[in-house]
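Read through the structure below, which is laid out as structure tokens, and then see the notes.
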Amino acid sequence: MSSVRLQGVTKHYGTQQVLADVRLDVQDGEFMVLVGPSGSGKSTILRCIAGLEDVTQGDIFIGSTRVNDLPPHKRDVAMVFQSYALYPNLSVFENIAFPLRAARVPKQDVARRVREVAARLGLEPLLARKPRALSGGQRQRVAIARAIIRNPQVFLMDEPLSNLDAKLRGQMRAEILRLQRQLGVTTVFVTHDQVEAMTMGDRITVMDDGRIQQVGTPHEVYHRPANTFVAGFLGAPA
Ligand code: ADP
Ligand code: MG
């Protein structure tokens with residue numbers, strides 16, 4: 001069963017076409033990586049799935065629901081941004097709790113749920129702190145905790161590790177994969193980093209210039225690149 005489906009999605013900003021006939025099927029529980037150079041349209045795809053941007057043409061489905069006309073809060077998705085976008089004046093606890101408060105979840109349920117999610121990410125000792133008192137990796141964990149707290153059907157991550165140093169990045173890759181497997185949540189993960197794509201994706205979607213160049217397992221795109229772009233970007237050296 002597919003959990004996210006894009007059919008013939010086209011997107012223009014003014015006269016510039018940034019997505020051209022994008023067709024994508026992300027399976028239930030799959031970890032899909034969207035990879036491509038800067039400006040290839042990766043963030044735009046995530047923003048269209050999340051409802052932060054309208055598509056010019058085409059259909060987007062989440063589960064069996066066509067979501068084109070639904071506002072972001074009515075789509076069963078959560079997104080993590082590169083910048084983390086934490087609220088600086090709120091504690092870690094309140095940052096994580098924010099989506100539940102907005103949905104008017106009862107107080108005692110909020111506290112229980114925040115502790116559950118914080119425990120999964122090793123954040124329990126940090127719940128009273130403000131974001132400025134956290135390391136980069138800790139901030140990223142808070143952003144992830146806030147995203148998963150409402151049990152979204154789909155988890156969208158836009159270059160979440162690009163602000164971290166190499167060692168921490170490796171650690172967080174493993175942590176994100178472990179969490180994704182535990183929760184079984186369908187994930188679309190954006191990166192411009194080939195190694196990240198190859199090591200994390202169940203499948204990889206390679207983008208260039210607003211078009212999907214290839215979709216396949218890391219093994220397939222590496223050993224059987226569909227065209228010279230994919231070969232140059234990800235494939236085995238000739
Ligand atoms: P990526 O995430 O792969 O780097 P983006 O999806 O951010 O690429 O951008 C794709 C193209 O759309 C780029 O040419 C970018 O300049 C353009 N673009 C992105 N957002 C906007 C916007 N709000 N207004 C106009 N052009 C935009
Ligand atoms: Mg981007």
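The values are calculated or read from the model by the stated rules, or taken from the named source; none is laboratory data. Here the structure is a predicted model, which is why all the values come from computation and not from measurement. Note that we place each Cβ from the backbone using ideal geometry, even for glycine, and neighbour counts take in every protein chain shown.
Counting only residues that are of a type in the set (D, E, K, R) and either without any contact (Cβ under 8 Å) to a residue 12 or more places away in the chain or surrounded by 18 or more Cβ atoms within 10 Å (Cβ to Cβ) (or both), the range 121-149 holds 4 of them.
For the range 111-152, the set of residues classified as under 23 Å from Val77 (Cα atoms) and more than 24 Å from the chain's Cα centre (by Cα) consists of Ala111, Arg112, listed by residue number. Can you find even one residue in the range 171-194 that is assigned to a helix (DSSP H, G or I), away from ligand 1 (no atom under 16 Å from the Cβ) and over 26 Å from Asn151 (Cβ atoms)? No; the residues of the range 171-194 include none that is assigned to a helix (DSSP H, G or I), away from ligand 1 (no atom under 16 Å from the Cβ) and over 26 Å from Asn151 (Cβ atoms).
The rows are residues; the columns are (1) within 14 Å of ligand 1 (Cβ to nearest atom); (2) in a strand (DSSP E or B); (3) surrounded by 17 or more Cβ atoms within 10 Å (Cβ to Cβ); (4) of a type in the set (Ser, Thr, Tyr).
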| position | (1), (2), (3), (4) |
| --- | --- |
| Gly29 | no, no, no, no |
| Ile45 | yes, no, yes, no |
| Val55 | yes, no, yes, no |
| Gly58 | no, yes, yes, no |
| Pro99 | no, no, yes, no |
| Arg104 | no, no, no, no |
| Val110 | no, no, yes, no |
| Arg115 | no, no, no, no |
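Considering Asp109, Asp76, the condition of being closer than 19 Å to Val154 by Cβ and charged (D, E, K, R) is satisfied by Asp76 alone. On the given criteria, is Thr186 away from ligand 2 (no atom under 16 Å from the Cβ), modelled with pLDDT of 95 or more and surrounded by fewer than 17 Cβ atoms within 10 Å (Cβ to Cβ)? It is false that Thr186 is away from ligand 2 (no atom under 16 Å from the Cβ), modelled with pLDDT of 95 or more and surrounded by fewer than 17 Cβ atoms within 10 Å (Cβ to Cβ). Only one of (1) β-branched (Val, Ile, Thr); (2) in contact (Cβ under 8 Å) with a residue 40 or more places away in the chain; (3) within 16 Å of ligand 1 (Cβ to nearest atom) fails for Val4. Which number is that? Looking at each condition in turn, Val4 falls short on (3).
For the range 14-27, the candidate set comprises residues that are modelled with pLDDT of 95 or more and over 16 Å from the mean Cα position of the chain (by Cα); within that set, the residue that is surrounded by the most Cβ atoms within 10 Å (Cβ to Cβ) is Leu19. Only a single item in (1) at pLDDT 95 or above; (2) under 19 Å from His192 (Cα atoms); (3) not in a strand (DSSP E or B) is not met by Tyr84, and it is number (1). Taking the conditions (1) in a loop (DSSP other than H, G, I, E, B); (2) under 19 Å from Val77 (Cβ atoms); (3) within 15 Å of ligand 1 (Cβ to nearest atom) in turn, Leu161 satisfies each one other than (2). Applying a threshold of 9 Å to beta carbon distances and a minimum spacing of six or more residues, or different chains, the list of pairs starting in the range 155-169 at a residue that is within 17 Å of Leu34 (Cα to Cα) and touching a residue at least 12 places away in the same chain (Cβ under 8 Å) and ending at one that is more than 16 Å from ligand 1 (Cβ to nearest atom) and in a loop (DSSP other than H, G, I, E, B) reads Phe155/Val185; Pro160/Tyr84. Going by the conditions given, is Leu156 among the hydrophobic types (A, V, I, L, M, F, W, C), surrounded by 15 or more Cβ atoms within 10 Å (Cβ to Cβ) and within 16 Å of ligand 2 (Cβ to nearest atom)? In short, yes. Arg129 meets the conditions (1) modelled with pLDDT of 95 or more; (2) closer than 30 Å to Ser64 by Cβ in every case but one. The failed one is (2).
Across the range 60-78, the qualifying residues are those that are part of a helix (DSSP H, G or I) and within 17 Å of the chain's Cα centre (by Cα), and the one among them that is farthest from Asp209 (Cα to Cα) is His73.
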